Amino acid sequence: MKQFFIGLSLVCGLALQTNSQQALAQNNAQQEDSSWKKTYRAVATKTNNLRHTKLVANFNYEKAQMNGEVWLKLQPHFYPTNQLVLDAKAMDIKEVALIKGSTKAKLVYTYDSMQLHIDLDKTYTAKESYTIYIKYIARPNEFKGQGSEAIRDAKGMYFINPLGTDKEKPTQIWTQGETEASSVWIPTIDKTNQKTTQEFYLTVPSKYVSLSNGLLVKQTDLKNGFREDVWKMDLPHSPYLFFIGIGDYAVIKDTYKGKEVSYYIEKAYEKEARKIYGNTPQMIAFFESKLGVPFPWSKYAQISGRDFVSGAMENTTATLHSDAVQQDARELVDGNNWESTIAHELFHQWFGDYVTAESWSNITVNESFADYSQTLWFEHSQGKDAGAYENYIGLRSYLSSPTDAEKDLVRFFYKDKEDVFDLVSYQKGGRILNMLRHFVGDDAFFASLNKYLTDNKFSNGSAIKLKLAFEAVTGKDLNWFFNQWYFSNGHPYVRIQQKYIADQQKVLVTIQQNQTQNKIFTLPVGVDVYVQGKRNHYEVWSKNRIDSFYFPAAVAPDNVNVDNDKILLWSKDESKSMQQYAYQFLHASNFMDRFEAVNEAAANVKDPAAKTILEAAIKDSFYVIRSIALNSYNPAFIDATMEKQIVAIATQDPMRTVREEAITILSKLNRPNYLPLFEKWVMDSSYSVAGAALAAIEQIDTVKAFTYAKAFSTQTIKKRLNKEVASILIKYGDASVFDFIAQSFAKLNIQSSEKFEMTAPLGKLLQQITDPIKFKKGLDLIVAYREAIPQGFRVQTDPYFNFKILGELLKAKKQKGENELAAQVAAVLPKM
Ligand SMILES: [Zn+2]
């Protein structure tokens, strides 16, 4: 699964302002209940095992329910048993029976709305199988599950706009099983250590297509406006990976080695389908070649769901993405922002679906691999720099959350199973894999993954099994690595210093581990020492609180590059001169070498050596480096040469987002002579470039900017351009712009940062609105948005909604004596 993200950086920014409130909330929560710290989360006991699942179902759109009949073939695991316990949540159970040949024999059962306890007709041994029949109605809206940051709630099956009353939204049904929500719509043993083959017989409206796991083996027109689609999976997988999707989609088909690779996309985006998903066959080929394990399943489809509760989900052969995957042609000019998610979910088809974490405690053996696959794919498809940057983003995310340093990677104690879907299981786990890859070497790394997958196929994995696979392949004892990274918490905080000792012709490098936990990490550290233009490489181990290393150096080194491959998962504080950074920028081979150097230079622009770095960086082949150099320019001190360079970047940089930044810098120079250029760029196909240009026009000529904004408001626009248009319309327009703003806000995906950024302007606009119907519509939009934000983010976002948006709105309305409207705001405030 890919985590839910809601313009995270913004929310983090807010969190900084409300730190004390947050700390208070956390303290209170901790005081309330810490009993979970003592509750060991055992792997689920296997009493009976699922063998085969057959479902016959139709859908009641009126009631948002599913009418189901299920045949479950089961077998005792080892010990004989006369009992069967099934997960079945919030269902209306009509019949429970045992299938005996062609007849059904009713069975005695009890049901507590969460589980069915069934008395079997006799005691079965592990050599015998039996088939249970259950007739039921699934009522997902009656299940009150808990949500998390990764998954917004847990009702398993979602009816989107089932009655078609919302004209802006298609009618869809989709399911989300992880963690244990498939059992809201199908009785099963809803545990990751169960595996079953399946066949689903789904009666769906003829006007829609359906998607499920495995192959579509049969379609029958029922002649009554409905059709029966039969989906079959001959290979076993876990119940949380079951999937059903039904809706009005275009289906675009590619193939890979004779297997169908398909993209289910809303028809408005049909033309963009291949631009969004089209790399999937190459990704399959790449992952297969790296893992030495052919794509295990019969097909691979991807679909998107409106109002999806997470980023994306790796249902076997049928990945579900948030509808944010659907980007229009102009958005794609800036690059496909869903590429990493497509790789992530695809890699899960091996790590997660083929070999499944034995329980939620070990979820990292699913998620760290999926996370790391993003690095692997970018490295392969876009080059080493892009891979290293993707890896760095993961590292930065984990390091930005200090409380996560307290959590073990493999966790047998947690408050809620949803809590393990965090920066530790994903991003930290991914960086640990990156270290492991460099430590054992590429060939051993992928050979070990092959062994892990092959040994545990169609079964379960864990960190222990991963360790055994690596040890078997490499012949090395890896306890030290797994103990400190998988079965423990934290990471090193190091101070790195160097001192040249002229009379001994040596350079002294000290690495001091300063983490507060009473724990020292064992770290293999590569060190490059550059002397008189020559690179000498050394391998050392940091194993103590302070380690001192002496390296030969006839003269003071040009640069000492500690962790020269930039792979260690640590927080570091390094003393190095800007000259050394300049040498590093020009001579070291990695993206991270240049990235560190250019960041140092950008923070110290007055240093002459920093200038050397920035001058080289602005011409760097990788856009991130160019962008940092560009943004280091202070508009107050830009000379003619720099200005020419910025104009050139704004005009022709291959990366549109870098052009956007250059335009923003030019706009700060307040030069009316750039107006013709800005007016040219405002028509650019990229929303980023056009949006930045519109903001630049506003700096010079507000009337002109308003005219452009008015014209754009009649077109379909998104992203930065949409944001600037909304902001200009609100600033210089009157209440007449409300319809555009409201519509534009309603359309935005709740996970987009634009929606978050647009909330305050919408609130501002409502201060001017006097029409009670429009006012209510605007207020409802804000309240509905706030309610759609998952619980986990509320501590951070609630002050924003309560005080900033609604508080100001109430104040403004009271001041103007608009009592009826003030009452509307006052009525919703306590609910927030
Ligand atoms: Zn995932």
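The values are calculated or read from the model by the stated rules, or taken from the named source; none is laboratory data. As the structure is a prediction and not an experimental result, all values here were calculated from the model. Every residue, glycine among them, receives a Cβ derived from its backbone with ideal geometry; neighbour counts consider all protein chains shown. Keep in mind that these areas ignore ligands, DNA and RNA; they rest on the heavy atoms of the full protein, side chains included. Shrake-Rupley method; radii C 1.70, N 1.55, O 1.52, S 1.80 Å.
Summary table
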read-out	value
Distance between segment 199-264 and segment 808-831 - C-alpha centres, whole angstrom	50
Greater than 21 Å apart at Cα, pairs in 89/135; 169/755; 704/776; 54/267; 89/232	704/776; 54/267; 89/232
Calculated from backbone phi, Karplus (6.51, -1.76, 1.60) coupling profile of segment 81-91 in Hz, x at Gly/Pro	8, 10, 10, 9, 10, 10, 7, 7, 9, 6, 8
Whole-Å distance, taken between Cα centres, linking segment 333-352 and segment 456-528	29
Links that overshoot a 27 Å alpha carbon limit, given the list 428/465; 2/38; 476/519; 167/814; 122/191; 2/415	2/38; 167/814
Heavy atoms of residue 480 accessible to a 1.4 Å probe, total area in Å² rounded to 10	70
Potential extension, residue 329-residue 499 segment - 0.36 nm per residue separation minus Cα distance	55.7 nm
Area accessible to solvent at residue 595, 1.4 Å probe radius, in Å²	20
Mean accessible surface per residue for segment 301-437, computed with a 1.4 Å probe while every protein chain stays in place, in Å²	22
Surrounding net charge for residue 814, when Lys and Arg each add one and Asp and Glu each subtract one, Cβ distance under 12 Å	0
Set of aspartates and glutamates with alpha-carbon distance to residue 576 below 12 Å, sequence-local pairs under 8 removed	558, 596, 600
Theoretical gain in end-to-end length, residue 827 to residue 638 [0.36 nm per residue, Cα-Cα removed]	62.8 nm
Cα-centred dipole magnitude for segment 508-663, charges only on beta-carbon of K, R (+1) and D, E (-1), debye, nearest 20	160
Amide H contacts of residue 461 (H built 1.01 Å from N, under 5 Å, at least 5 apart or other chain)	356, 357, 358
Phi to ³J(HN,Hα) by Karplus 6.51 cos²θ - 1.76 cosθ + 1.60 over segment 532-540, Hz, x for Gly, Pro	6, x, 10, 8, 10, 9, 10, 10, 10
Protein accessible area in the chain, 1.4 Å probe - carbon and sulfur %	51
Solvent-accessible area per residue, Å², over segment 463-564 with all protein chains present [probe radius 1.4 Å]	46
13 Å beta-carbon shell around residue 352, net charge (K/R +1, D/E -1)	-4
Whichever aspartates and glutamates have a C-alpha closer than 12 Å to that of residue 777, once near sequence neighbours (fewer than 8 apart) are set aside	739
Environment charge at residue 370 (Cβ cut-off 10 Å; Lys +1, Arg +1, Asp -1, Glu -1)	-3
For residue 244, residues with placed amide H under 5 Å, excluding near neighbours	175
Rounded to the nearest 10 Å², the accessible area of residue 103 at probe 1.4 Å	80
Within the chain: Cβ-based charge dipole about Cα centre, in debye rounded to nearest 20 (Lys, Arg +1; Asp, Glu -1)	800
Two-site FRET efficiency, residue 61 against residue 735, from Cβ-Cβ distance with R₀ of 30 Å, rounded to 0.05	0.20
Candidate residues 770, 797: accessible-area rank, largest first, probe 1.4 Å	770, 797
Within straight-line cross-link reach of residue 719, aspartates and glutamates at Cα separation under 16 Å, skipping those fewer than 8 residues along the same chain	323, 328, 331, 334, 660, 661, 684, 754, 757
Cut-off under 5 Å, modelled amide H: who pairs with residue 494 long-range	514, 571, 572, 573
Whole-Å distance, taken between Cα centres, linking segment 307-323 and segment 661-703	38
